[in-house]
Every structure is written in C-alpha cells, then in structure tokens.
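**Q** Quick one: the structure is below, and I'll ask about it shortly.
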Amino acid sequence: MKTPTWNDTINGRIQAIARINGLSSYQVAETIKKSQSYVMQRYDAKREWKPSDIENFAKAMGYSILELTGDDFSLKIPTTALDLLASTDTGENQSADTGRN
C-alpha cells in the first residue's frame, strides 16, 4: 500500500470540503479561477495543487490555510446542512406530538 503524500492529503481534504458543500469540480474550478480540467488533473493526482490554489480554496470555503493544511484538520458542516438537520428534527417532534394524552 502506498503511503499518502502531502499532496494526497491536501487533495483528499479539498475533495471532502467540496463534497460536503455540494460543489462539482466545475464549481471548485470557478472558486479558484481555474479550468475544470485543471481541477480534474489535481483530483486525479496527475499534478500537485499549487499553494495559491490551496489558499484561495481554503478562504472561499471559510477555512484558514492552517486549518486546511494542519495536522488537526476537521470538516466544517455547512450552515445549510445544520439547518436541514434542525428542521428535520423539529418536524419529527411535531408529527410525533399529536396533542393527545
């Protein structure tokens, strides 16, 4: 088994952030002002992410460069996902409460 490189780790983090935010490779490309093929070459690990691309993506997604590249990386759940979870929970509680004793 191949040991992941630093670029493999960053690539995985960028893709995870994109997925949790519902971004396509095209939208990631727009975010960092590059072409979709540029992003796909990085996704496929054919080329390394440039530091400026990592920084631009991190800022656009609400991460500092240290948050995205640091050892203690963790995904931030988008606000819309939290809102959906809260509304689902509220809906379940309301439907379960029939007002009957």
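**Q** Tally up the residues in the range 38-73 that are touching a residue at least 24 places away in the same chain (Cβ under 8 Å) and aliphatic (A, V, I, L, M), please.
**A** So the count comes out to 5.
**Q** Okay, next question. Counting only residues that are free of Cβ contacts under 8 Å to residues at least 12 places away in the same chain and assigned to a helix (DSSP H, G or I), which one in the range 1-12 is most open to solvent (accessible area, probe 1.4 Å)?
**A** TRP6
**Q** Sticking with this one: Take the range 28-68 and flag every residue that is open to solvent by less than 70 Å² (accessible area, probe 1.4 Å), over 16 Å from ALA18 (Cβ atoms) and of a type outside the set (A, V, I, L, M, F, W, C).
**A** Residues satisfying the conditions are SER52, SER64.
**Q** Residues that are among the β-branched types (Val, Ile, Thr): which helices (runs of 4 or more DSSP H) entirely in the range 13-66 hold 3 or more of them?
**A** 25-32
**Q** State all residues of the range 69-86 that are over 14 Å from the mean Cα position of the chain (by Cα) and either at pLDDT 90 or above or open to solvent by 70 Å² or more (accessible area, probe 1.4 Å) (or both); if no residue qualifies, say none.
**A** GLY70, ASP71, ASP72, LEU82, ASP83, LEU84, LEU85, listed by residue number.
The values are calculated or read from the model by the stated rules, or taken from the named source; none is laboratory data. Predicted model only: the values in this text are computed from it and were never measured. Note that we place each Cβ from the backbone using ideal geometry, even for glycine, and neighbour counts take in every protein chain shown. Surface areas here come from the heavy atoms of the whole protein model, side chains and all, with no ligands, DNA or RNA. Shrake-Rupley method; radii C 1.70, N 1.55, O 1.52, S 1.80 Å.
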